[in-house]
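Bear in mind that the values in this text are calculations on the coordinates, not laboratory data. Not measured: the values here are computed from a predicted model. Reconstructed Cβ throughout: ideal geometry from the backbone, glycine too, with neighbour counts over all protein chains shown.
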2 protein chains.
Amino acid sequence: MSEEIENIQFELTDDLISQVELLIEASDDKALQKLLKDFHYADIAEILDELNLEEAVYIIKLLDSETTADILMELDEDNREKVLRNLSSKEIADEIGELDTDDAADIISELPESRKREVISHIEDEEHKAEIEELLAYDEDTAGGLMAKELVKVYETWTVAGCLRRIRGQAKEVTRVHSIYVVDKKDKLVGRLSLKDLIVAKSDQKIAELSNSSVDYVNVHDDAEDVAKIMQKYDLEAIPVVDDNHILLGRITIDDIVDVMKEEAEKDYQLAAGITADVEADDSIWELTKARLPWLLIGMVGGIGAASIIESFTGYMGDFIILLSFVPLIQATAGNVGVQSSAIVVQGLANDSIDGNVLKRLFKEFLLGLVNGLAIALIAIVITHFLFKTPYNVSLTIGLALIAVIIMAALIGTFVPIFLDKRGIDPAVATGPFITTSNDVFGILMYFLIAKLILGF
Amino acid sequence: MSEEIENIQFELTDDLISQVELLIEASDDKALQKLLKDFHYADIAEILDELNLEEAVYIIKLLDSETTADILMELDEDNREKVLRNLSSKEIADEIGELDTDDAADIISELPESRKREVISHIEDEEHKAEIEELLAYDEDTAGGLMAKELVKVYETWTVAGCLRRIRGQAKEVTRVHSIYVVDKKDKLVGRLSLKDLIVAKSDQKIAELSNSSVDYVNVHDDAEDVAKIMQKYDLEAIPVVDDNHILLGRITIDDIVDVMKEEAEKDYQLAAGITADVEADDSIWELTKARLPWLLIGMVGGIGAASIIESFTGYMGDFIILLSFVPLIQATAGNVGVQSSAIVVQGLANDSIDGNVLKRLFKEFLLGLVNGLAIALIAIVITHFLFKTPYNVSLTIGLALIAVIIMAALIGTFVPIFLDKRGIDPAVATGPFITTSNDVFGILMYFLIAKLILGF
């Protein structure tokens, strides 16, 4: 037996893919089934993501729906959509019959409106159907949109022995029993216990004695991100979901939360990098352009604004045309400082780790800007004076402008995300191109104003 | 009972903090204990993070070590370090006695070398001590650094009834029983089963019959990030860790992986924003400066480089001095495109979702740059010609330069992270200031070279 133990390291090789492709071409179903039998569904999904649509559909139709339902859940969203379009409503309903209610509802919600009802009508298990329809009614960004109906529920009046006997039935339907939820006769959540508690207890004890009444729960309408934060903070692996009357409706498990967290982190990262929408490196050029061009246009508006400012000053500059050479330095510094300041605030807001009031934070950024600004300015004055042989008053101008611009960029980068957050707008949009662009324009304007003041042109 | 049910929504108010502070000042231990008794340890940690050091230490010394050990784990790392400095080695050893081995090893590894041995020598439970010492030997970025020694282990020759009886003892030490690991007589991992399997089974069945031999596992020296990816891909909530001979050493649970993922995402985000090291908004100005100034200096080098380029061209430009006004446009566009391209590649590499070879990807970015570049260039030509009244050849220069710069920035932004990844360097360092700075310099150089070619100055 010890030799049978499987190694988890799955390697998706070109060999494997061409082997699968050859077998599909030869319609050698037996060999295909034998080959794929030992792979985890997540690995088969990886293989399918590499095949063309016809080949992927061939495999989905070949394997039994217990496996293919799980494979479907693991496919790239784009690929899943295409595969589903090639399955009949009856076939999709069969897949869905194998899935937990939360995954089933997720798949159905991705279908076009017209097919949703058709697929639902083909689901055979009436209870499963009703539960999925209930879940479809919740907003996907709420606890209701994340929860599954599958859970193990016991009444507080039961005994341990009776409880064990009865939950045997319930537990078969539940992939992982995290907690057993204890309810009163009206199905109100009153406590929880673990399988471990049950095993360790004596068989004639009453559930009410074992039940831990300090059970954590969330309301069905709570925001999904808040649920993620709560589960993370309290190290929970599952949390029950109740309605306004404390009636137990479902439960959310940690794997769903891991997905929420990952999506959130990726979204913030992409926004900071100036990419809208949820794109991946393998998306089409058209989709990537849609996600990237808008932000480039924002940057362009900034660039045109900067050009107007420079043009309006150039005429008066005379001998100080050398100032134009340092525009990129001013601009790059303003952009970098702005992104740094905003990123740290956005991350703090996402973690709820920002405390204190706005003024205190702005004052701190002011001091930080002053320290960084003095350091950068000093180096800039020395370099420009000795390397570029600029007169001392021009070097001074550049140095002072750098200090001013760094402080300004730090303040804008801090203020904007906090302001957006208070207005209920995702502060992550404030990082990246928005901050960079406004800092570019303000920074260059400030540079020339300071130059005009000092050099008097 | 149903009225007792606790709401998880904890609100950290100024009132609560001043209430705690007043009680500490009055040394009213009874009232403090009563007040804090009903709070979750994660909430008490939030309160402690708001108190000054003396107050925090007061509370840690007041509450029993079962609670304070958990509180310590939840404190901000900086605060934890300060609190630990104010506890004796004996006191720390008592806290550690209450923690699972993985958390205990984490705390000890944060201590200065000289205190480590002292604290370990004070741990009373010899088995716990030996296990912690074993864990301390592993690199913190490996499976060994993440795993805990606490797990439930049964021998394949046991019966269900015998197994249930014996694991009652083991299970008491394990906070959450995810899986029961089945080993042969040499302690080699041969399978697993769930508590659910055990409850559903008949009491005289042999463990070997129930055991699922397709158990996933990782090697103790595997990289922590790889373990995180595996657990996420296969939706695992715990994974056993074995040595090279398949001997079962420990297990890793999903909550530790959630932390790894979060840290990884935050690190990448900060690197993209030009912030080194792991800083938070509430860190000191000195620490924030250390994390931010280096990247500003890199940006500065780029700015100075750009200044040299501009200066060397300015002398010959004559009437084309208007070109200087559009330097910020060129620079901002190059920067934005570079960050977009690199961010999407870095994210793809982090998710292992990038396939195909480098040349194919570069060709795709080339096409993408061409599409975006044509769009941006067209708008720029129209705007400069009609708004800035630039001659058509200057507008054309700006447009062509934009196309060239966008393609160049897209290629650099794609190539550099892939190159770094192949050399085993974290590609996330390539986003943010590095890419922006090099694109600034190359972009401006390219702009003037194209101008020289077209305008012939």
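Tell me, what does the Kirkwood hydrodynamic radius of the range A:285-455 come to in angstroms if you use every pair of distinct C-alpha atoms?
The Cα-based Kirkwood calculation yields 17.0 Å.
What is the mean number of Cβ atoms from other protein chains located within 10 Å of the Cβ atom of each residue in peptide A:341-350, rounded to a whole number?
Other-chain Cβ atoms within 10 Å of each residue's Cβ, averaged: 5.
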Point to revise | Using a 7 Å Cα-to-Cβ projection, A:Pro294 label spacings across copies, nm, ascending | key: 3.5
Check your understanding: Roughly how many debye, to the nearest 20, is the charge dipole of the range A:152-255 about its Cα centre, given +1 on each Lys and Arg Cβ, -1 on each Asp and Glu Cβ, and no other charges?
Key -> 680 debye
Exercise for review: Provide, as a two-decimal number, the C-alpha radius of gyration of chain B over 2.2 N^0.38 Å, N being how many residues it has.
Suggested key: 1.34
Check your understanding: Say the dipole of the range A:285-455 comes from +1 at the beta carbon of Lys and Arg and -1 at that of Asp and Glu; which of A:Tyr392, A:Thr333, A:Leu411 then lies farthest toward its positive end?
Key -> A:Tyr392
**Study point:** Alpha-carbon centroids, the range B:158-220 and the range A:67-93: separation in whole Å
**Key:** 35 Å
Practice item. Lys and Arg at +1, Asp and Glu at -1: add these up for the other residues within a Cβ distance under 9 Å of B:Ile239 and post the number. Key: -1
Review point. In degrees between 0 and 90, to the nearest 10, how far off the longest principal axis of chain B does helix B:254-272 point, with axes built from Cα atoms?
Key: 20 degrees
Practice item. Determine the shielding of peptide A:279-291 by partner chains: average, over its residues, the number of Cβ atoms on other chains within 10 angstrom of each Cβ. Key: 5
Exercise for review: Quantify how strongly other chains surround peptide B:225-234 by giving the mean number of their Cβ atoms within 10 Å of each of its Cβ atoms.
Suggested key: 3
Study note, to complete from the structure: Expressed as a percent, the portion of alpha-carbon pairs in the range B:2-132 spaced more than 17 Å apart is 59 percent
Check your understanding: Which percent, nearest 5, of DSSP beta bridges in chain B are antiparallel?
Key -> 70 percent
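Highest mean first, what order results for B:111-118, B:60-67 on Cβ atoms within 10 Å?
Values: B:111-118: 12.2, B:60-67: 16.6.
Descending mean neighbour count gives B:60-67, B:111-118.
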Practice item. Give, rounded to the nearest 20 debye, the magnitude of the charge dipole that the range A:285-455 has about its Cα centre when Lys and Arg contribute +1 at Cβ and Asp and Glu contribute -1 at Cβ. Key: 140 debye
Study note, to complete from the structure: Between the modelled labels at B:Asp223 and A:Ser18 (7 Å from Cα along Cα→Cβ) the distance in nm is 2.8 nm
Point to revise | Label-point separation, A:Asp125 to B:Leu367 (7 Å along Cα→Cβ), nm | key: 4.4 nm
Review point. What nm distances, shortest first, do you get from the label point of B:Lys206 to those in the other copies when the point sits 7 angstrom along Cα to Cβ?
Key: 4.4
Study note, to complete from the structure: Taking B:443-456, B:10-23, A:300-313 and ranking on average Cβ neighbours within 10 Å, highest first, one gets A:300-313, B:443-456, B:10-23
Revision key, fill the gap. Mean 1/r over distinct Cα pairs of the range A:257-386, inverted to a Kirkwood Rh in Å, yields 18.5 Å
Check your understanding: Could you work out the helix-only [θ] at 222 nm for chain B, with each DSSP H run of four or more residues adding -39,500 (n - 2.57) and the total divided by the number of residues, to the nearest 500 deg cm²/dmol?
Key -> -21000 deg cm²/dmol
Revision key, fill the gap. The correct pair for the range A:152-255, radius of gyration to one decimal and Dmax as a whole number, both in Å and from Cα atoms, is 13.5, 41
**Study point:** GluC sites (Glu not before Pro) within the range B:128-205, DSSP loop, no more than 16 other Cβ atoms inside 10 Å
**Key:** B:Glu140
Revision key, fill the gap. Note to self: C-alpha centroids of the range B:422-457 and the range A:268-341 sit apart, in Å, by 14 Å
Point to revise | Rounded to the nearest 20 debye, dipole of the protein assembly as shown from Cβ charges on Lys, Arg, Asp, Glu | key: 3180 debye
Study note, to complete from the structure: Using the Cα gyration tensor of the protein assembly as shown, the equivalent ellipsoid's semi-axes, largest first and to the nearest Å, work out to 54, 36, 25
Point to revise | Angle in degrees between helix B:53-62 and the longest Cα principal axis of chain B, rounded to the nearest 10 | key: 20 degrees
Review point. Picking from A:Ala26, A:Leu72, A:Phe39, whose Cα lies most toward the positive end of the charge dipole for the range A:14-141 (charges on Cβ: Lys, Arg +1; Asp, Glu -1)?
Key: A:Ala26
